[in-house]
Structure formats: C-alpha cells, structure tokens
Amino acid sequence: MGVIPALRRSPWVEFLGGTTRSTATATQVLSSEEIHYPTYESLLADPNVDAVYLPLPNDLHLAYLEKALLAGKHVLCEKPMFLADSDYAQLEHLLANTDRLVTEAFMSSYHPRLRAALSQVSSGMFGAVVSIETTFAGTLIPLGGYRLDSTRGGGSLLDVGIYALYPIVSLLGAEPYQIWTHAAWSQGEHPVDLTMRALLAYEGDAGAHFTTSFVTGESQALRILTREATIEMDRTCTPGVDDTTWTVATAGEVVTYEAVGRDPYQAMVDEVFEAFSHGCEPTWNLAESRKLARLLLRINELAQSSLTQT
C-alpha cells in the first residue's frame, strides 16, 4: 500500500486517520497517534476531514463516493473507479450539486519517466506509431475475495487493465475499430479472467496488444514501434524512484534517455491534493478516466460475451 505513506509525507495533507472493518488491519495501518474511526460514517461526519482516500472493493465505490460528496469531502478513489459507464453519469450528477472534486488513484500516469517517454513519442519525433505492446502480469497472492467475483468487478482486466491501456489510449486513442480478446477464466459461479489478452485495431493501420494476468510470471513491459524507432521500458506499471530510463532504437543507434526519478504514489498524492486545495482537477481528471474506462469496459463486455457463448 503506497498511498497512505505518501499521504503522511505530502506537504498538502494532514493525515488524521482512517477506518476499516478489521481491527487487525487498522492496527497494522494506523499509528497510535492517528484516529481509528469506528465506522465509515463517523469518518465522513468529522468536520476536520476535508478529503478522503477510498480504497474499498470496486463494487462499493459509487455508494461511498455519494456519501463522501454529500458529506462535503473531496475524494481520491481507487481504480477502477466504476464498473459501468452509467456510474460516471451518476457521478457527474452528484458533482453538479457540489464544489467538491473526485479523481481516480492511478499513480502510473504521474511518473516522470512514463510522462516523458509518451510525450516524446506523441511529439512525432520518431514518426507515426505502428504498434504498441503492453503487459502487466504476475502472480497475485493471495488471490481471492472480490477479485474472483465478476459481479464485484473482479478479474485481471478490471483490476490492472488501466495500466496496460494507458499508453495505448494516450498514443492511439480510446476507440479502436475492432477488438479481439482471449482469456483464461476462473472456475465458480461468477468467473473472472485470470489472464486477459486483447488485440486492438486502429484506423491508419496502427494496432495494439496487451496482456494482464493474476497467474503468470512478472512482466511490466512497454514496447512502442514507430516508423523510425522502437521505444522500450520495463517496470512501466509500478515504477519506483530508481526507474528513470528507457531506450530508443533506430536504424543507426540505441539511445538511453533518462527522466527524474520519483515515487509515483508521492507524485500522485502531491498533485491531487494540491489540486483539491486549489479547487481544480489534477492531470488524471475525470474526463481522461472515463475515456479509458469506456474502452476497458468495452473489452470486458466483449470477453464476457464470448465466455457465455462457449
């Protein structure tokens, strides 16, 4: 859990405390000086709380976002924010009646290296993008709870697909004209994708491929092929302060570029809570979040429909 330590360190935050239904978890996460609120409602009722971080299971986000907004709090909500596009419409309705702000906790988008590399490619300095390959895969331990229940937003695609799709959407957009999916499914009444693979075709002969998984070896690779170069980086999805470089291979040479190293959780928390303080949206705003979510949900619906047909 990288968000809470970042909240404690941020100059934009006075971390008061938190709540959880597990006393053992509260003891592990909260210090003796911090408040352990007995219920979510008691936390939201505290007039000293201006903003909350919401890391609840995916299917509970909308209900508690509504409670937080009605209580007059800004909200940093874990990804994926919602399980349906209609939930974004409901959030827009809620926000229309308040000056509070909501944003999705997607820390990779704040990391300086990924920002620099994507900006470099989008500038056109290496020619048009031909293909993008991304992977966020590994073995999730323990694997259980809502992550194995499709009715609660489980599965590798909904859990970590945002990481794999972000470079694709940033460079090619969120509306491929054709999508193919292939998944390995869990057993049970509400199966989820343990591994998801998708191929996306875009206008202009560009394409993208990504893999997400809960049950494979570790991979966080990004490979972008343009007309003039191949751009590659590793640990794209959960980078740290030491992940500063990426390579660009052209016909004549391989060049290593470098960006400033930073903890992405700290970068996210600092920008988000500064934005909350100034009454403006951070870089990863609701419009960007919804655009990517629409594609994510489109892919998920396509994969689920193929499962019901087999």
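The values are calculated or read from the model by the stated rules, or taken from the named source; none is laboratory data. No experiment lies behind these values; they were computed from the predicted model shown. Glycine also receives a Cβ, built like all others from the backbone with ideal geometry; neighbour counts cover every protein chain displayed. Areas reflect the complete protein model, heavy atoms only, side chains present, ligands, DNA and RNA absent. Shrake-Rupley method; radii C 1.70, N 1.55, O 1.52, S 1.80 Å.
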What does the accessible area of VAL169 come to, in Å² to the nearest 10, when a probe of 1.4 Å is used?
10 Å²
How large is the charge dipole for the chain, taken about the Cα centre, if only the Cβ atoms of Lys, Arg (+1) and Asp, Glu (-1) carry charge, to the nearest 20 debye?
300 debye
Alpha carbons only, please: Rg and Dmax for the stretch 235-305, in angstrom.
17.4, 48
Largest first, please: the extent of the C-alpha atoms of the stretch 1-128 along each principal axis, to the nearest Å.
56, 34, 25
For ARG235, which sequence-distant residues (separation of 5 or more, or a different chain) have an amide H within less than 5 Å of its own amide H, given hydrogens modelled in the peptide plane?
GLN220
Ranked from highest to lowest mean number of other Cβ atoms within 10 Å per residue, what is the order of the peptides 14-26, 283-295?
283-295, 14-26
Value of Rg/Rh across the stretch 87-243 [Cα atoms, Kirkwood radius]:
1.00
Below 8 Å between Cα atoms, with a sequence gap of 6+, how large is the relative contact order for the stretch 164-288 in percent?
13 percent
Pairs of Cα atoms farther than 25 Å apart, the chain, %
52 percent
Share of the stretch 155-310's accessible area from carbon and sulfur, percent, 1.4 Å?
48 percent
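If you roll a 1.4 Å probe over the heavy atoms of the protein chains, what accessible area per residue do you get for the chain, in Å²?
Value for the chain: 47 Å² per residue.
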If the only charges are +1 at each Lys and Arg Cβ and -1 at each Asp and Glu Cβ, what is the size of the charge dipole of the stretch 198-307 around the Cα centre, to the nearest 20 debye?
500 debye
In whole percent, how big is the carbon plus sulfur part of the accessible area of the stretch 1-119, probe 1.4 Å, protein atoms only?
53 percent
Using a 1.4 Å probe and counting only protein heavy atoms, arrange HIS190, HIS111 so the residue with the most accessible area comes first.
HIS190, HIS111
Packing-ranked peptide list from 60-68, 179-187, highest mean Cβ count within 10 angstrom first, is 60-68, 179-187
Whole-angstrom gap from the stretch 225-251 to the stretch 182-220, using each part's C-alpha centre
21 Å
Estimated dipole of the stretch 1-72 in Debye, rounded to 20 [Cβ of Lys and Arg +1, of Asp and Glu -1, Cα centre]:
180 debye
Calculated from DSSP H runs of 4 or more alone, at -39500 (n - 2.57) each and per residue, what is the 222 nm mean residue ellipticity of the chain, nearest 500?
-11000 deg cm²/dmol
Rg and Dmax of the stretch 47-93, Cα atoms, in Å?
10.4, 33
At 1.002 mPa s and 20 °C, Stokes D of the stretch 128-209 from Kirkwood alpha-carbon radius, µm² per second:
156 µm²/s
